[in-house]
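Encoded as structure tokens, the structure appears first; notes follow it.
The values are calculated or read from the model by the stated rules, or taken from the named source; none is laboratory data. The structure presented is a predicted model; accordingly, all values stated were derived computationally and were not measured. Cβ coordinates were reconstructed from backbone atoms using ideal geometry, including for glycine residues, and neighbour counts include every protein chain displayed.
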């Protein structure tokens with residue numbers, strides 16, 4: 001059963017810690033609970049999005065630096 | 001007055017403030033906005049509005065070409081940059097002038113000069129303004145920087161020469177941490193601004209933040225007295241006052257005159273603020289930096305001087321000489337401003353964008369609320385969390401504190417968490433009442449009193465619900 005990681009807050013989603021650095025995770029990567037998978041920028045502050053279930057990254061449902069709403073699905077994990 | 005139509009290149013409460021000043025002067029207004037801001041109050045009240053791009057600031061409020069294109073399309077004579085965004089970009093000011101328009105602020109060259117912390121510090125020293133002991137210029141060699149730091153004495157503050165807004169400043173306690181932090185600061189500055197130069201100065205442990213408002217027309221400069229902004233969290237001001245009760249009359253005079261002298265010495269034009277650290281223990285003040293724009297907290301100065309600073313800066317930009325003489329700028333009573341942010345003080349000041357479902361605005365004698373809200377307004381997540389500023393005036397600080405209590409009790413913002421409740425607690429705190437505070441007082445106080453603040457916010461939440 002696929003697991004959805006949702007944005008806890010509205011803002012802008014980033015897949016990288018900073019523009020010059022590589023992405024946190026790629027499709028196909030194995031992740032464990034507590035891994036950082038992205039950042040949400042809200043009102044000029046940054047908040048890490050943590051993985052809340054172990055699995056493999058199946059897809060990113062949103063592009064890097066696109067706006068997100070609270071509750072929007074960011075990533076889908078395969079168990 | 002050469003300005004008949006003004007473009008406002010900003011958003012939120014300051015855009016509303018600029019439109020009001022322009023309208024008082026009989027000037028038509030054009031409000032530019034991002035796609036996310038089509039419903040903002042400034043768009044509603046401006047004569048015209050132009051969509052300049054996507055929500056991201058880099059593609060809208062920082063997009064020089066889009067703003068200049070909007071200016072050409074609407075036939076404005078001038079652009080007001082507000083604060084933040086392009087307000088302190090010398091290149092933007094120069095581009096506006098090159099396009100044959102008026103930039104409401106100093107020239108691009110003056111912005112660049114005073115925006116370079118090391119250069120500004122040298123100009124201040126030359127004008128006779130005391131500076132904090134530090135590196136006399138930008139340092140690019142980190143070995144040399146470490147030697148300088150040891151000479152200045154720890155703790156020292158490391159700033160990017162090209163940075164600003166209090167962000168990215170690091171404090172090193174000793175040689176070891178200096179080596180690491182200076183390297184970080186330098187590479188970060190190189191990535192962000194293309195210049196890895198840093199600037200070092202001694203940390204004054206218990207300092208007040210005192211700043212002087214100035215107005216200048218390129219020939220003459222006057223000061224409009226000082227503001228004290230010592231209550232800060234993460235180097236962002238949360239509460240500001242005018243005047244500062246920490247200063248005796250002779251020190252106030254020397255401090256304020258030094259700011260006007262500095263402005264005059266660089267041929268400054270428009271409104272600006274010279275910032276200082278004031279050491280209670282020694283009575284010394286030290287120049288930190290100059291902000292070449294209108295500031296968030298300008299209303300407390302307006303409340304005690306009776307001036308309209310935004311209108312004055314527009315008049316100066318329109319070619320009028322200073323209308324006010326120094327001896328006519330007085331101080332009447334006391335004013336306090338608190339910043340109402342969309343942040344939750346009971347949850348580590350987590351930003352809380354959302355929709356305003358209910359709004360009661362406090363009014364009455366001595367109360368002013370500069371804000372960008374209306375019932376049904378959806379606060380977007382893409383920008384600063386400042387919703388508005390509650391400003392009070394009274395015949396004394398005590399009277400102003402009482403009015404602040406009255407105004408806070410009348411203020412009601414439903415639908416999202418704000419910092420309003422925090423100020424009622426702060427207002428009742430012994431150190432705040434007796435003004436026994438400094439720039440590093442608020443953060444530890446918030447740590448210590450976190451549970452009490454959460455409990456208070458909870459109760460407030462229940463009564464609102």
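Quickly run through the range A:5-28 and pick out the residues that are exposed (fewer than 14 other Cβ atoms within 10 Å of the Cβ) and more than 12 Å from chain B (Cβ to nearest Cβ). Lay out the reasoning, then the answer.
First, pick out the residues of the range A:5-28 that are exposed (fewer than 14 other Cβ atoms within 10 Å of the Cβ): A:18-22, A:26-28.
Once the filter is applied, which keeps residues that are exposed (fewer than 14 other Cβ atoms within 10 Å of the Cβ) and more than 12 Å from chain B (Cβ to nearest Cβ), the range A:5-28 yields A:22, A:26, A:27, A:28.
Pick from B:386, B:373: which is at the interface with chain A (Cβ under 10 Å from one of its Cβ atoms) and within 18 Å of residue B:37 (Cβ to Cβ)? Walk me through how you get there before you give the answer.
Working: B:373 fails: at the interface with chain A (Cβ under 10 Å from one of its Cβ atoms).
One residue alone meets the criteria, B:386.
Restricted to the range B:139-186, and to residues that are part of a loop (DSSP other than H, G, I, E, B) and modelled with pLDDT of 85 or more, which residue is nearest to residue B:207 (Cα to Cα)?
Applying the first criterion (part of a loop (DSSP other than H, G, I, E, B)) to the range B:139-186 yields B:140-141, B:153-155, B:161-169, B:173-174.
Now restrict to residues that are modelled with pLDDT of 85 or more: B:140-141, B:153-155, B:173-174.
On the way: B:140: 28, B:141: 29, B:153: 17, B:154: 16, B:155: 14, B:173: 17, B:174: 20 Å.
Checking each candidate, the answer is B:155.
Condition check: surrounded by fewer than 19 Cβ atoms within 10 Å (Cβ to Cβ), at pLDDT 95 or above and within 21 Å of residue B:7 (Cβ to Cβ). Does residue B:99 satisfy that?
Values: surrounded by fewer than 19 Cβ atoms within 10 Å (Cβ to Cβ): yes; at pLDDT 95 or above: yes; within 21 Å of residue B:7 (Cβ to Cβ): yes.
When the stated conditions are applied, residue B:99 passes them.
Residue under question is residue B:380, and the condition is that it be within 14 Å of chain A (Cβ to nearest Cβ) and in contact with a helix residue (DSSP H, G or I) (Cβ under 7 Å, 6 or more places away or on another chain); does it hold? Talk me through it step by step, then tell me what you get.
Details: within 14 Å of chain A (Cβ to nearest Cβ): yes; in contact with a helix residue (DSSP H, G or I) (Cβ under 7 Å, 6 or more places away or on another chain): yes.
Answer is yes for this residue.
Only one of A:31, A:42 is surrounded by 15 or more Cβ atoms within 10 Å (Cβ to Cβ) and more than 14 Å from the chain's Cα centre (by Cα). Can you tell me which? Full working, then the answer.
Working: A:31 fails: more than 14 Å from the chain's Cα centre (by Cα).
None of the other options fit; the residue is A:42.
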Query raised in the report: Restricting attention to the range B:225-264, which residues are more than 22 Å from residue B:384 (Cβ to Cβ), in contact with a helix residue (DSSP H, G or I) (Cβ under 7 Å, 6 or more places away or on another chain) and surrounded by fewer than 21 Cβ atoms within 10 Å (Cβ to Cβ)?
Result: B:245
Requested in this report: Might you let me know whether the range B:331-347 holds any residue that is in a loop (DSSP other than H, G, I, E, B), over 21 Å from the mean Cα position of the chain (by Cα) and either within 11 Å of chain A (Cβ to nearest Cβ) or exposed (fewer than 11 other Cβ atoms within 10 Å of the Cβ) (or both)?
Outcome: no
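I'm checking my understanding of the structure. Among residues of the range B:370-381 that are more than 19 Å from residue B:296 (Cα to Cα) and within 22 Å of the chain's Cα centre (by Cα), which one is surrounded by the fewest Cβ atoms within 10 Å (Cβ to Cβ)? I'd like the intermediate steps shown before the answer.
The first filter runs over the range B:370-381 and keeps only residues more than 19 Å from residue B:296 (Cα to Cα), leaving B:374-378, B:380-381.
Still in the running and within 22 Å of the chain's Cα centre (by Cα): B:380-381.
On the way: B:380: 22, B:381: 26.
Among those residues, the one meeting the criterion is B:380.
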Query - Selected residue (only one of B:66, B:28, B:9, B:15 is within 21 Å of the chain's Cα centre (by Cα), at pLDDT 95 or above and under 15 Å from residue B:101 (Cβ atoms)) - result: B:9
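State yes or no: is residue B:85 part of a helix (DSSP H, G or I) and either at pLDDT 95 or above or within 14 Å of another protein chain (Cβ to nearest Cβ) (or both)? Full working, then the answer.
Details: part of a helix (DSSP H, G or I): no; either at pLDDT 95 or above or within 14 Å of another protein chain (Cβ to nearest Cβ) (or both): yes.
For residue B:85, the condition - part of a helix (DSSP H, G or I) and either at pLDDT 95 or above or within 14 Å of another protein chain (Cβ to nearest Cβ) (or both) - is not met.
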Query raised in the report: Within the range B:276-295, which residues are in a loop (DSSP other than H, G, I, E, B) and surrounded by fewer than 21 Cβ atoms within 10 Å (Cβ to Cβ)?
Result: B:280, B:281, B:282, B:283
Query raised in the report: Which ones in the range B:7-36 are touching a residue at least 40 places away in the same chain (Cβ under 8 Å), under 11 Å from residue B:61 (Cα atoms) and in contact with a helix residue (DSSP H, G or I) (Cβ under 6 Å, 6 or more places away or on another chain)?
Result: B:8, B:9, B:11
Query raised in the report: Which condition does residue B:390 not pass, out of (1) free of Cβ contacts under 8 Å to residues at least 60 places away in the same chain; (2) farther than 25 Å from residue B:247 by Cα; (3) buried (at least 22 other Cβ atoms within 10 Å of the Cβ), if it passes all the others?
Result: (2)
Requested in this report: Can you tell me which residue within the range B:40-68, out of those that are touching a strand residue (DSSP E or B) at 6+ places or on another chain (Cβ under 8 Å), more than 22 Å from residue B:355 (Cβ to Cβ) and in a helix (DSSP H, G or I), is farthest from the other protein chains (Cβ to nearest Cβ)?
Outcome: B:67
